[in-house]
Amino acid sequence: MKEFWSRLMSNPAVTFELVTATLFISILALASPIFVMQVLNRYVSQGVDATLITLTSGVLIAIVLELIFRQARLHIAQVISTSKDEDHALNGYKTLVHSKLSALERVPLDTRREILGGQQAIEQAYSASNITVVLDVPFALLFVFVLYLLVPAIALVVLAFIVVVFFGGILGASSMNSVTNEVTEASSANSALLGTAIREAETVRAFNAGSNLTSSWGGQVTQLQWLRRKLVLRQGLVQSLTQSANALMSVAVIVTAGILVVSGELDVGAMIGANILGARALQPISRFSQLGSTYAKARQALNLIEEFSKLPLEKERGSALSNYSGGIEFRDVSFNYGKDNNPLYEKINLKIEPGSILIVTGSNGAGKTTLARMIVGLLEPTRGNLLVDGLDVQQAAAEWWRKQVTYLPQEPALIGGTIGENILVNNPEAGSERLNQIIDTVGLRRFVDESESGIETPILDNGWRLSEGIRRRIALARALITNGKLVVFDEPTESFDTAGVKVVHTVLSTLAKAGCTIIVMSHDPKIVQGKHIVLDLDNKPVPSVLVVQAKKQKKNDVEEKPQNLKQAKEVNNE
């Protein structure tokens, strides 16, 4: 109930209104049993029609007022429920998009979906109607108190049943927790299989993986259905016991009242009224006890969201330079994945002056993409510092820094939005003239003109429906829109046709002439001409560095290979 009290305490004024409305509703609910007793004791015995009219008018007014108060309370409860639901949804999504990538990637993709999908279970559990059910619980004692004033013996009987049903409901909810956790885990496994079938439809068919996936899916579905049946049966048992408790209480009340009527201590009207009061007292307790599975699911979802929200977030604020020149320095940089004791690379000491060119080479898995992501600030070095014009990237404001980088990832994905929105996402202030210039530069003009809505054409499925060449051209345009002084291209010619490769070479040449610092991750150390530095990540654990001088003649390529990283740095600084 921690979440319930948190919602109430978030807005004390509204909570006071809720409690006040609930009090009035409970008082007005007393009208019906009082009406029954008065009709039986006064009208039936005396037969005065005016008495019946007065009693009927009074109870009808009470019923209408109770209805009005219930609807008003529901709207008030909606205020508390909606605001907290929005907060949970916003905070969960904020964690998803602003948490540090290294931490986020440790949470499987389908688990992230399952966590955020649990928001629906929270909204259902803490809906306005369920909040009012919980608020009604303590006011059940009001009916017991009135009943005590009327018939103390019957009040004690009703109170005993209330205690039994209340604690029975709590025990039932506790028994559902473990099953609910198992259902959540099984649902997560199902989501993973479903995601594979949806995202990788071509692979599933091309490599005949359908049979294996179907077999796994069948086993998962069988287990999930068994767990759900188990949960439903436990929930049904709680409901059945609650209904039986209501019936047993009615029997106990009638038996006790009957004995009192026969002994002359109670009249028939009071007996019937006492039975109604007892039923009204137990009603909110019964409804509350049946919410066990609902709150168990919500509790599980809240725990997952709470753990997810503990992921460290990227800095919203940090240092920034008024005029970044493009310089970057690796100072004793090392990197390990997670708790792996074997470093991907270590002791990188290299200073790149503004306007220089660095080619990072290495085989698959050598760490080229990891280094690119580290430069952009998506990953942090395990040890050492990455400095840009003397400023540590980890101390820089993430948003500012990524506007300084012209970044093309190896496997570029797009966001939900139009072609124009995708290109402008990191620099929405760029004008239409600049946008059209870049579209022409990367060779997107024909694609844009032939698209149904031109630049406003929506991108579906994060661009994976597009050809790889078009998707990479859009990503290249997105990179260029920032006008960043530091250029980081990860395998820029990969999956491009001849025309696309020519575009990349032209773009790199233009950026080099503009004085940008260029870092290219590539298998090909000769991807650029002229003087440049080569960082070879295949040399483990300390990458080797060599300086390639400008080619003067085709047959006389001169390479100067320094003895160590320090010498490479000195050569580069000359």
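Quick notes on this structure:
- Any hit, region 43-59, residues being aliphatic (A, V, I, L, M), without any contact (Cβ under 8 Å) to a residue 24 or more places away in the chain, part of a loop (DSSP other than H, G, I, E, B) and over 30 Å from Ser187 (Cβ atoms): yes
- All told, Thr361 meets the bar of being more than 23 Å from Val97 (Cα to Cα), in contact with a Pro (Cβ under 9 Å, 6 or more places away or on another chain), hydroxyl-bearing (Ser, Thr, Tyr) and assigned by TED's automatic domain parsing to the domain that holds Glu494.
- Residues of region 67-77 include at least one that is over 30 Å from Ala301 (Cβ atoms), in contact (Cβ under 8 Å) with a residue 24 or more places away in the chain and in a helix (DSSP H, G or I).
- Single residue of Val64, Val14 found to be more than 35 Å from the chain's Cα centre (by Cα), among the β-branched types (Val, Ile, Thr), assigned by TED's automatic domain parsing to the domain that holds Gln283 and assigned to a helix (DSSP H, G or I): Val64
Matching residues to (1) under 30 Å from Leu231 (Cβ atoms); (2) of a type in the set (A, V, I, L, M):
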| site | (1), (2) |
| --- | --- |
| Ala298 | yes, yes |
| Glu307 | yes, no |
| Glu316 | no, no |
| Glu329 | no, no |
| Arg383 | no, no |
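- Residues located in region 142-158, provided they are in a helix (DSSP H, G or I) and in contact (Cβ under 8 Å) with a residue 40 or more places away in the chain: Leu142, Phe143, Val144, Val146, Leu147, Leu150, Ala153, Ile154, Val157, Val158
- Flag for Asn208 being over 31 Å from the mean Cα position of the chain (by Cα), of a type outside the set (A, V, I, L, M, F, W, C) and either under 30 Å from Asp461 (Cβ atoms) or modelled with pLDDT under 85 (or both): yes
- Residue count, region 102-155 (criterion: under 19 Å from the mean Cα position of the chain (by Cα), within 30 Å of Glu66 (Cβ to Cβ) and not β-branched (Val, Ile, Thr)): 4
- So Ser289, is it in contact with a helix residue (DSSP H, G or I) (Cβ under 7 Å, 6 or more places away or on another chain), surrounded by fewer than 22 Cβ atoms within 10 Å (Cβ to Cβ) and not aliphatic (A, V, I, L, M): no
- A residue that is of a type in the set (Gly, Ala, Ser), in a helix (DSSP H, G or I), outside the structural domain of Ile357 (by TED's automatic domain parsing) and farther than 30 Å from Ala186 by Cβ occurs somewhere in region 261-272.
Here's the yes/no breakdown for (1) of a type in the set (Lys, Arg); (2) in contact (Cβ under 8 Å) with a residue 24 or more places away in the chain; (3) outside the structural domain of Ser495 (by TED's automatic domain parsing); (4) farther than 21 Å from Leu508 by Cα:
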{"residue": "Gln410", "(1), (2), (3), (4)": "no, yes, yes, no"}
{"residue": "Gly420", "(1), (2), (3), (4)": "no, yes, yes, yes"}
{"residue": "Val425", "(1), (2), (3), (4)": "no, yes, yes, yes"}
{"residue": "Asp461", "(1), (2), (3), (4)": "no, no, yes, yes"}
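- Scanning region 305-321 for residues that are surrounded by fewer than 19 Cβ atoms within 10 Å (Cβ to Cβ) and of a type outside the set (D, E, K, R) returns Ser309, Leu311, Pro312, Leu313, Gly318, Ser319, Ala320, Leu321.
- Any chance Ser99 is in contact with a Leu (Cβ under 7 Å, 6 or more places away or on another chain) and buried (at least 16 other Cβ atoms within 10 Å of the Cβ): yes
Per-residue answers, yes or no, for (1) in contact (Cβ under 8 Å) with a residue 12 or more places away in the chain; (2) surrounded by fewer than 18 Cβ atoms within 10 Å (Cβ to Cβ):
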residue: Thr22; (1), (2): yes, no
residue: Leu28; (1), (2): yes, no
residue: Ser32; (1), (2): yes, yes
residue: Phe35; (1), (2): yes, no
residue: Val64; (1), (2): no, yes
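- Screening region 157-190 for residues that are hydrophobic (A, V, I, L, M, F, W, C) and in contact with a Leu (Cβ under 7 Å, 6 or more places away or on another chain) and picking the one that is farthest from Gly117 (Cα to Cα) gives Val158.
- Residue match in region 372-390 (condition: basic (Lys, Arg), within 17 Å of Leu486 (Cβ to Cβ) and assigned to a helix (DSSP H, G or I)): yes
- Qualifying residues in region 154-175 (those that are modelled with pLDDT under 85 and of a type in the set (A, V, I, L, M, F, W, C)) - the one surrounded by the most Cβ atoms within 10 Å (Cβ to Cβ): Ala173
The values are calculated or read from the model by the stated rules, or taken from the named source; none is laboratory data. What you are looking at is a predicted structure, and each value in this text was computed from that prediction instead of being measured. All Cβ positions, glycine included, derive from the backbone under ideal geometry; neighbour counts span all protein chains shown.
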